[in-house]
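These notes are about the structure you will find just below.
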Amino acid sequence: MRKAELGHSGLVSSVQGFGCMGMSEFYGQGDEAESQATLARAVDLGINHLDTSDLYGKGENELLLGRFLKGRRREDLLIASKFGVIRDPDGPSGSTYDRDLDNSPAYARRCCEASLKRLGTDYIDLYYIHRQTDSTPIEEAIEGLAQLVKEGKIRAIGLSEVSPDILRRANAVHPITALQSEYSLFARDVEKDMVPLCRELGVAFLAYSPLGRGILAGKITSIDDLAPDDLRRKAPMYSAENLPGNLVLVDKAEAIAKRRGATAGQIALAWLQDKPGVFPIPGTKRVKYLEENAAAVDLVLTEQERAELEAAIAPEAVRGGKWSTKQTETA
């Protein structure tokens with residue numbers, strides 16, 4: 001798999017990363033053996049960028065990844081993690097959305113050290129503020145992370161789901177290596193401001209949910225295809241009102257893909273990978289879907305195909321595509 005530098009950081013990433021979140025929470029039950037096999041296959045395919053967070057499974061996702069890292073050459077992998085979202089701040093509530101935010105340097109340090117322990121590593125390559133809060137000025141938060149860079153605990157700083165103003169202010173304090181946000185054919189609002197700003201500043205854009213929360217993979221035709229505890233059951237795009245119309249859009253993508261001997265998901269990933277500085281990070285629990293996603297790295301769309309695809313899935317045609325603020329806190 002091809003690799004490219006993230007911004008001007010010196011960190012070299014596979015052009016397609018791997019999102020580990022769903023292995024531990026949110027998208028149905030995971031399986032340890034299957035997850036480990038999928039991670040191993042990802043590395044075999046040349047994917048070196050593995051994305052996690054202390055949020056996912058309340059630390060269980062980092063522990064899972066830590067078990068995978070044992071006995072492997074750490075320098076061959078780019079590990080990204082995140083901090084800033086506090087689960088169950090007042091004690092277990094049973095709600096996925098019982099959250100608080102803390103970006104303070106003291107909290108960042110505690111989280112970083114805990115993540116290092118769970119991951120079983122001496123450093124985290126890319127460390128994100130998972131969700132920004134004004135209770136700590138962004139300048140103060142970045143200064144705290146910059147100190148962790150100086151100490152060698154992290155190699156680079158990232159931000160997730162922030163405004164253009166916050167990104168500019170943060171980058172003025174310390175170079176920001178990556179901005180992570182939802183971006184797919186079903187969620188294109190970042191094209192107006194954030195993608196151009198990242199290019200201007202030399203910040204890599206990490207696109208999470210590049211398959212539109214799975215709908216572009218073409219495996220979901222009904223809400224019944226989702227596990228009972230799958231978070232997407234509450235997503236607007238999967239509602240009884242919106243899903244039929246969205247599936248029509250997927251059919252259009254599949255028609256375009258069929259001409260190239262590809263799937264709708266592969267076409268959607270190729271559409272992102274062609275964009276300068278954009279790195280999609282699809283996630284899956286299964287080897288067969290990983291292999292399907294990874295094969296998209298060899299697919300290059302023509303200008304005509306890109307235009308046809310963008311017209312077929314125009315932003316105004318997507319129903320309930322962008323998740324609510326609470327829902328995007330899971331990514």
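Every number here is computed from the coordinates shown, using simple stated rules; none is lab data. Values in this document were obtained by computation on a predicted structure and should not be read as measured data. Neighbour counts run over all protein chains shown; Cβ positions are idealised from the backbone, glycine included.
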### Message
Longer than 28 Å from Cα to Cα, which of K58/K153; K117/K219; K82/K285; K153/K275; K252/K285; K117/K275 are they? Say none if no pair is.
### Response
K117/K219; K153/K275; K117/K275
### Task
For the range 191-331, list log₁₀ I(q)/I(0) at each q in 0.15, 0.17 Å⁻¹, using the Debye formula over Cα point scatterers of equal strength and ignoring solvent, two decimals each.
-0.80, -1.04
### Task
Show me 212-218, 281-287 ranked by packing, highest mean number of other Cβ atoms within 10 Å first.
212-218, 281-287
### Summary
Contact order relative to length for the chain, counting C-alpha pairs under 8 Å separated by 6 or more residues, stands in percent at 20
### Query
Taking the Cα centre of the range 78-226 as the origin, how large is its charge dipole in debye, to the nearest 20, when only Lys and Arg (+1) and Asp and Glu (-1) carry charge on their Cβ atoms?
440
## Note on the structure
Quick note on K192, K82, K252, K58, ordering by fewest other C-beta atoms within 10 Å, gives K192, K58, K252, K82
### Task
Under a cut-off of 18 Å between alpha-carbon atoms, report the aspartates and glutamates in cross-link reach of K288, not counting same-chain residues fewer than 8 places apart.
D31, E32, E34, D44, D225, D298
### Message
I need to check one value: relative contact order of the range 113-184, counting alpha carbon pairs closer than 8 Å and at least 6 residues apart, in percent.
### Response
34
### Query
Whole-Å semi-axes of the range 160-223's equivalent ellipsoid, largest first, each the root of 5 times a Cα gyration tensor eigenvalue?
28, 10, 9
## Note on the structure
Here, D165 and E241, labelled 7 Å along Cα→Cβ, have an inter-label distance in nm of 3.2
## Note on the structure
Treating only Lys and Arg (+1) and Asp and Glu (-1) as charged, each at its beta carbon, one finds that the chain has a dipole about its Cα centre, in Debye to the nearest 20, of 560
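I223 to E5: FRET efficiency via 1/(1 + (r/R0)^6), r the Cβ-Cβ distance, R0 35 Å, to the nearest 0.05?
Once the sixth-power term is evaluated, E becomes 0.30.
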### Query
E310 to E291: extension gain in nm, 0.36 nm per residue of separation minus the Cα-Cα distance?
4.3 nm
### Message
What does DSSP give for the chain in terms of the percent of beta bridges that are antiparallel, rounded to the nearest 5?
### Response
20
### Query
If you wrap a convex hull around the Cα atoms of the range 54-205, how much volume per residue is inside, in Å³?
130
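At a threshold of 8 angstrom on Cα-Cα distance, excluding pairs fewer than six apart, so keeping six or more, what relative contact order does the range 146-258 reach in percent?
The normalised contact order for the range 146-258 reaches 18 percent.
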### Task
State the dimensionless ratio Rg/Rh of the chain (Rg: radius of gyration of Cα atoms; Rh: Kirkwood radius).
0.94
